[in-house]
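Below: the structure, in structure tokens.
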Amino acid sequence: MSVPFYVSPEQIMRDKADFARKGIARGRSVIVMQYDDGIVFVAENPSRALHKISELYDRIGFAAVGKYNEFESLRVAGVRLADMRGYSYDRSDVTGRSLANAYAQTLGTIFTETNKPFEVEIVVAEVGAVAADDQLYRLMFDGSVADERGYVAMGGSSEPMTSGLAAEWHEGMSLDECVRLAVRLLGADGDEQKREMTPAQLEVAVLDRSRPRRTFQRVSNGRLAELLAS
């Protein structure tokens, strides 16, 4: 007679968390930070079709690392939720906080109730009328959410990048200063072998608070080259 195989719930949760962290660590990093006129997203991503940075709603952006098919399904769900809420009530009722809460519930349910957790880490960013109103929400694979201030780094080399941002980022930085800092940290890739990052290897977008209603705008390779050279 066979003995039933037993694994404690604590061990199952640890194994799931380790699995998700390893999957996220294999992904290329993303940096999100505030600049004087909004929020900028900078990702190492040579693909022109498979975006890691996207618009969710008028003043809300989305960035992710990990498995593309998993964070893309989250992005689509977020866009649908935002559209439904904005249509049913008012566009001002769609907030970064409400979308972050919805993502937290979804990721938490997947982590606890399925065999395989999502190998993703995401940021939901909302640009305000002034810098003090900007919101950055970082969501982990298990549904935990953190309200960040100033900057966020995600992906395999997030720890050294976060240390670099803590040392060099400050309020009131211009867009070109933020982009150059992010590209330098992405090129360092957590070690001493620094790489020269070109516009073709990067995906960059902004939430520009000066734009009417829809603030999300992608930065073209030509404009990115100008920012890096300025």
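So here's what we get for this one:
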item	result
Flag if Asp134 is on the phi < 0 side of the Ramachandran plot, charged (D, E, K, R) and open to solvent by less than 10 Å² (accessible area, probe 1.4 Å)	yes
Out of Gly128, Gly143, sole residue that is part of a loop (DSSP other than H, G, I, E, B) and either among the β-branched types (Val, Ile, Thr) or on the phi > 0 side of the Ramachandran plot (or both)	Gly143
Flag if Glu159 is open to solvent by 10 Å² or more (accessible area, probe 1.4 Å), at pLDDT 95 or above and either assigned to a helix (DSSP H, G or I) or within 27 Å of Leu186 (Cα to Cα) (or both)	no
Of all residues in region 191-228 being among the small types (Gly, Ala, Ser) and not in a helix (DSSP H, G or I), the one that is least open to solvent (accessible area, probe 1.4 Å)	Ala205
All positions within region 30-69 that are out of contact with any strand residue (DSSP E or B) (no Cβ under 6 Å at 6 or more places or on another chain) and not charged (D, E, K, R)	Gln34, Tyr35, Pro46, Ser47, Ala49, Leu50, His51, Tyr57, Tyr68, Asn69
Hits in region 105-125 - residues which are part of a strand (DSSP E or B), in contact with a Lys or Arg (Cβ under 8 Å, 6 or more places away or on another chain) and of a type in the set (A, V, I, L, M, F, W, C)	Val120, Ile122, Val123
Tabulated pairs, region 171-182, first farther than 15 Å from Glu203 by Cβ, second small (Gly, Ala, Ser) and outside any helix (DSSP H, G or I), C-beta under 7 angstrom, 6+ apart or interchain	Asp176/Ser230
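One line per residue, one yes/no per condition, for (1) closer than 25 Å to Asp133 by Cα; (2) without any contact (Cβ under 8 Å) to a residue 40 or more places away in the chain; (3) of a type in the set (Phe, Trp, Tyr); (4) in contact with a helix residue (DSSP H, G or I) (Cβ under 9 Å, 6 or more places away or on another chain):
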| site | (1), (2), (3), (4) |
| --- | --- |
| Met33 | yes, no, no, yes |
| Asp36 | yes, no, no, yes |
| Ala43 | yes, no, no, yes |
| Glu55 | yes, no, no, yes |
| Lys67 | no, no, no, yes |
| Ala82 | yes, yes, no, yes |
| Ser92 | yes, yes, no, yes |
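So that you can scan it fast, the table gives a plain yes or no per residue for (1) surrounded by fewer than 16 Cβ atoms within 10 Å (Cβ to Cβ); (2) under 14 Å from the mean Cα position of the chain (by Cα); (3) among the aliphatic types (A, V, I, L, M); (4) within 18 Å of Arg218 (Cβ to Cβ):
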{"residue": "Gly27", "(1), (2), (3), (4)": "no, yes, no, no"}
{"residue": "Ala43", "(1), (2), (3), (4)": "no, yes, yes, yes"}
{"residue": "Ala49", "(1), (2), (3), (4)": "yes, no, yes, yes"}
{"residue": "Ala82", "(1), (2), (3), (4)": "no, no, yes, no"}
{"residue": "Ser88", "(1), (2), (3), (4)": "yes, no, no, no"}
{"residue": "Leu107", "(1), (2), (3), (4)": "no, no, yes, no"}
{"residue": "Val123", "(1), (2), (3), (4)": "no, yes, yes, yes"}
{"residue": "Ala129", "(1), (2), (3), (4)": "yes, no, yes, no"}
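The values are calculated or read from the model by the stated rules, or taken from the named source; none is laboratory data. From a predicted model like this one, the values you see are computed outputs, not experimental measurements. We place every Cβ from the backbone using ideal geometry, glycine too, and count neighbours over all the protein chains shown. With ligands, DNA and RNA removed, areas are computed over all heavy atoms of the protein, side chains included. Shrake-Rupley method; radii C 1.70, N 1.55, O 1.52, S 1.80 Å.
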